[in-house]
1. Starting from residues that are outside any helix (DSSP H, G or I) and out of contact with any Leu (no Cβ under 6 Å at 6 or more places or on another chain), keep the ones in the range 187-202 and report whichever is least open to solvent (accessible area, probe 1.4 Å).
2. Taking the condition open to solvent by less than 80 Å² (accessible area, probe 1.4 Å), within 19 Å of Gly89 (Cα to Cα) and not hydrophobic (A, V, I, L, M, F, W, C), does Asp131 pass?
3. Show me the strands (runs of 3 or more DSSP E) found entirely inside the range 107-157 where at least 1 residues are within 19 Å of the chain's Cα centre (by Cα), farther than 26 Å from Glu77 by Cα and modelled with pLDDT of 95 or more.
4. Considering the range 126-167 alone, what residues qualify as being closer than 21 Å to Ala26 by Cα and of a type in the set (Gly, Ala, Ser)?
5. Residues of the range 147-173 being among the β-branched types (Val, Ile, Thr), surrounded by fewer than 18 Cβ atoms within 10 Å (Cβ to Cβ) and either in contact (Cβ under 8 Å) with a residue 40 or more places away in the chain or in contact with a Cys (Cβ under 8 Å, 6 or more places away or on another chain) (or both), which ones?
6. Under the condition of being of a type in the set (D, E, K, R) and open to solvent by 50 Å² or more (accessible area, probe 1.4 Å), which residue from the range 13-67 is farthest from Arg84 (Cα to Cα)?
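The values are calculated or read from the model by the stated rules, or taken from the named source; none is laboratory data. Owing to the predicted nature of the structure, the values given are computational and were not obtained by experimental measurement. For neighbour counting, all protein chains shown are included, and Cβ atoms are generated from backbone atoms with ideal geometry for every residue, glycine included. What goes into the accessible areas is simple: the full protein's heavy atoms, side chains included, and nothing from ligands, DNA or RNA. Shrake-Rupley method; radii C 1.70, N 1.55, O 1.52, S 1.80 Å.
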Amino acid sequence: MDDLVEKALARWPNVPAIAGWLKLGAQGDWLLTGPVPQGLSITNERILNFIARNYAIDPDGRCYFQNGPQKVYVALEATPWIYRVYPLGDGSLMLATHTGLLAWPSGMVLDEQGRLYIQTTLGIGLVHGSDTPCLAEGLQPNGEGYTHRAQWCVPEGDPDALVRVRVRLRKPDTLSPRCTALDLPVVEQSFLALKTASGFESDPHL
């Protein structure tokens, strides 16, 4: 969270939260849903990065954007995180959330519509539609289903220097640089079962 946001919270701790104004789309885009044209997306890079740095999930599974002293609850078209997969020059893959946070994969889920999700320490997230083809070649049959085999990497240096995207890529302090070949289990699960197991709220209300 930005330092200015934390200071605003400390100065005005009782500003009422709002809901019904902002939605996270299935491709990681931010959609306005209040008294504006429905589905109007936010495209300004400065605003996108501000939202990205101040986005979080509360203990009840409700996603929100901390807009200064005011908490703005976020409706979800899919999952709390939308994951992007970036192929690097050495053939390894780098994983990041729609907010630019690098993450480390621990498993995959395939739902009844054929949509692919990745599990990380941050939580479950839908893979961006344009990134699924680069994961397809890593799928290996294992007799009972599939395993995904690939080399994953958290780079030593600034990840933003490797890939230029609108939302700046950031490496969490808890994530150590590493490059490792992983065989990730791919579990088939309905979206409803995935949502129940993950405990997130798709349409939070006050």
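1. Top of the filtered list is Phe200.
2. Yes, satisfied.
3. 146-154
4. Gly129, Ser130, Ala136
5. As a first pass, look at the range 147-173 and keep what is among the β-branched types (Val, Ile, Thr): 147, 154, 163, 165, 167.
Add one more test, that the residue is surrounded by fewer than 18 Cβ atoms within 10 Å (Cβ to Cβ), and what stays is 147, 163, 165.
Across the range 147-173, the qualifying residues are Val163, Val165.
6. The selected residue is Asp60.
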